[in-house]
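Engineer: Supplied in structure tokens, the structure appears directly below.
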Amino acid sequence: MEISNLFTAGGVVMWPLLAFSLLGVALIIERIIFWVRINRQNKVVREVLQLYRLDNVVSALDKLQKNADLPIARIFLAALELEEATPEDFRLALESEAQAEIPLLKRSQNIFETIIGLAPLLGLLGTVLGLINSFASLNIGDVGGTKTAGVTSGISEALVSTASGLVVAIFTLLFANTFRGLYQRQIAWIQEYGGQLELLYRRRYERGDKSYVPTR
């Protein structure tokens with residue numbers, strides 16, 4: 001069946017389904033680019049922690065500032081750039097900035113959930129409307145006559161909208177779950193690396209090492 005015939009068979013709901021599919025594809029591409037870029041931050045963070053462990057605070061800060069486009073780098077900078085912060089202040093800075101980065105990591109998740117929920121319902125609506133139109137054209141006295149074949153054909157075509165809605169929802173759900181898994185793993189990494197940095201800072205603070213104060 002040609003695309004034009006699909007739209008004719010599916011009815012008016014095919015247009016919002018098309019809009020949902022285009023929006024979903026655009027957001028999926030944006031999220032793929034985002035997560036591919038984010039994946040390089042693990043290497044950066046490990047290097048920063050190693051520099052900080054070796055008391056090379058200035059180099060660690062410089063490394064973070066060069067990678068300030070990464071969420072974890074901004075989280076670390078928010079804490080390390082505090083002057084003479086206590087371990088409690090340091091921890092609060094890490095947690096506050098981490099909370100501020102969550103909306104960026106979860107971007108588009110609500111839109112994905114909306115598409116996943118509404119696409120099948122729109123498809124079902126299209127089928128119901130198609131069935132109404134098909135049966136409206138059937139005369140009770142003509143059961144088994146020439147118009148019955150038209151009703152059967154109309155029912156078959158009306159199901160196109162349901163199938164289209166399910167395809168859009170399933171396609172979006174596949175990527176939405178993938179991005180949700182990446183988000184959860186990223187949060188776990190932020191907590192792990194943040195805990196390591198906090199522990200290193202606390203040890204330096206307790207031994208009275210003033211080099212924990214960033215040099216401006």
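Engineer: Applying the selection to region 49-81, what residues are part of a helix (DSSP H, G or I) and in contact (Cβ under 8 Å) with a residue 40 or more places away in the chain?
Structural biologist: Those that are part of a helix (DSSP H, G or I) and in contact (Cβ under 8 Å) with a residue 40 or more places away in the chain: Leu49, Tyr52, Arg53, Val57, Val58, Leu61, Pro71, Ile72, Ile75, Phe76, Ala79, Leu80.
Engineer: If you don't mind, there's one more thing I want to ask. Looking at Ala158, is it among the small types (Gly, Ala, Ser), surrounded by 12 or more Cβ atoms within 10 Å (Cβ to Cβ) and modelled with pLDDT of 80 or more?
Structural biologist: Judged against the criteria, Ala158 is not a match.
Engineer: Report whether or not Phe90 is of a type in the set (Phe, Trp, Tyr), out of contact with any helix residue (DSSP H, G or I) (no Cβ under 6 Å at 6 or more places or on another chain), at pLDDT 90 or above and in a helix (DSSP H, G or I).
Structural biologist: Values: of a type in the set (Phe, Trp, Tyr): yes; out of contact with any helix residue (DSSP H, G or I) (no Cβ under 6 Å at 6 or more places or on another chain): no; at pLDDT 90 or above: yes; in a helix (DSSP H, G or I): yes.
No; evaluated as a whole, the condition is false for this residue.
Engineer: Follow-up question, since we're still on this one. Collect the residues in region 163-190 that are exposed (fewer than 14 other Cβ atoms within 10 Å of the Cβ) and within 15 Å of the chain's Cα centre (by Cα), keeping them in residue-number order.
Structural biologist: Listed by number, the residues that qualify are Leu174, Asn177, Gly181, Gln184, Arg185.
Engineer: If you don't mind, another one. Given the residues Val58, Val12, which is the only one that is among the β-branched types (Val, Ile, Thr), out of contact with any Lys or Arg (no Cβ under 6 Å at 6 or more places or on another chain) and over 30 Å from Ala119 (Cβ atoms)?
Structural biologist: After ruling out the rest, the residue left standing is Val58.
Engineer: Given the options Asp209, Asp142, name the one that is among the acidic types (Asp, Glu), modelled with pLDDT under 70 and either touching an Asp or Glu at 6+ places or on another chain (Cβ under 8 Å) or within 21 Å of Trp15 (Cβ to Cβ) (or both). Spell out how you get there, then give the answer.
Structural biologist: Numbers: Asp142 fails: either touching an Asp or Glu at 6+ places or on another chain (Cβ under 8 Å) or within 21 Å of Trp15 (Cβ to Cβ) (or both).
Going through Asp209, Asp142 in turn, just one is among the acidic types (Asp, Glu), modelled with pLDDT under 70 and either touching an Asp or Glu at 6+ places or on another chain (Cβ under 8 Å) or within 21 Å of Trp15 (Cβ to Cβ) (or both): Asp209.
Engineer: Of all the residues that make up region 91-107, how many are among the small types (Gly, Ala, Ser) and crowded, with 19+ Cβ neighbours inside 10 Å?
Structural biologist: 2
Engineer: Ok, one more. Specify which of the listed residues (Ala9, Ala26) is among the small types (Gly, Ala, Ser), farther than 18 Å from Tyr183 by Cα, in a helix (DSSP H, G or I) and modelled with pLDDT of 95 or more.
Structural biologist: When all the criteria are applied, what remains is Ala26.
Engineer: Next question, about the same structure. Restricting to region 159-190, name every residue that is of a type outside the set (A, V, I, L, M, F, W, C) and closer than 30 Å to Pro71 by Cα. Write out each step before concluding.
Structural biologist: Applying the first criterion (of a type outside the set (A, V, I, L, M, F, W, C)) to region 159-190 yields 161-162, 164-165, 172, 177-178, 180-181, 183-186.
Within region 159-190, Thr172, Asn177, Thr178, Arg180, Gly181, Tyr183, Gln184, Arg185, Gln186 qualify.
The values are calculated or read from the model by the stated rules, or taken from the named source; none is laboratory data. On a predicted model such as this, the values are computed, not experimentally measured, just so you know. Cβ coordinates were reconstructed from backbone atoms using ideal geometry, including for glycine residues, and neighbour counts include every protein chain displayed.
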